[in-house]
């Protein structure tokens, strides 16, 4: 099961950075979404592949044509929050309002129910596991927010989960179908190679081997990962600039090469093909 997903954010949706932290700070910045998402869609069409697109409600509001373009090509539209804020910096009420607004915006635009979610930056941690309860209350049925490794924006490194599982929410009749990130181990640490900086950093031959060897792979890509001519976000440290921009020139060719060799599926198809009755059950809250 190799799942292909894209988080539809603009080049300035960088988390935990003062110059781009608020919705107000995004005003007046030129978008790259039209051209970068068009490239992604053309690439997927040429390789006859389907993907799930986790879209910001803000993108649906400010750039509805981008979301319509994705939807019209038959790809799954999922929720990536409204305002792309770190979950562990929000209160339950703030998170609920953000999630509700995002789902409503996406459903109004596409005319279809949205039941799949991924948190910005995978920022649901053990300290804010209440977020899973909010998601269940909001009508979310499938969650792709579990990042079972350490990362700058949190992650659930204590959760040893490597395959789709059922998430149990305390005091709640509903459950969540979980599609976590997959990981590899090196020097006793887990790392995620199927998206973000590790994907851009790793040699193509090594990536192909990992993708081929692992039975379950969950990817996460962004439009900016494949856009060499994008502006550079101001205020980033040298380390964060490296993490955010290294390897962008070659990332597009890496993706095309993978699409030629790996048969991907989207989240909704993976959901239908999973034997949930026999899946592992995990307590989330």
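The values are calculated or read from the model by the stated rules, or taken from the named source; none is laboratory data. A quick note: this is a predicted structure, and the numbers were derived from the prediction, not measured. Note: ideal-geometry Cβ built from the backbone for every residue, glycine included; neighbour counts use all protein chains shown.
Structure above, values below:
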read-out: Verdict on residue 274 being modelled with pLDDT of 90 or more and either surrounded by 15 or more Cβ atoms within 10 Å (Cβ to Cβ) or touching a strand residue (DSSP E or B) at 6+ places or on another chain (Cβ under 9 Å) (or both); value: yes
read-out: Some residue of the range 47-58 being touching a helix residue (DSSP H, G or I) at 6+ places or on another chain (Cβ under 6 Å), without any contact (Cβ under 8 Å) to a residue 40 or more places away in the chain, under 21 Å from residue 244 (Cβ atoms) and surrounded by 21 or more Cβ atoms within 10 Å (Cβ to Cβ); value: no
read-out: Subset tally (residues that are within 20 Å of residue 276 (Cα to Cα), in contact (Cβ under 8 Å) with a residue 40 or more places away in the chain and not in a loop (DSSP other than H, G, I, E, B)) for the range 138-154; value: 1
read-out: Test: residue in the range 19-26 that is out of contact with any strand residue (DSSP E or B) (no Cβ under 7 Å at 6 or more places or on another chain) and at pLDDT 95 or above; value: no
read-out: Condition met for residue 40 (in contact (Cβ under 8 Å) with a residue 24 or more places away in the chain and surrounded by 22 or more Cβ atoms within 10 Å (Cβ to Cβ)); value: yes
read-out: Odd one out for residue 141, checked against (1) closer than 22 Å to residue 3 by Cα; (2) crowded, with 17+ Cβ neighbours inside 10 Å; value: (2)
read-out: Count of the range 217-249 residues which are surrounded by 15 or more Cβ atoms within 10 Å (Cβ to Cβ) and touching a residue at least 24 places away in the same chain (Cβ under 8 Å); value: 19
read-out: Test: residue in the range 103-123 that is more than 15 Å from the chain's Cα centre (by Cα) and under 30 Å from residue 239 (Cβ atoms); value: no
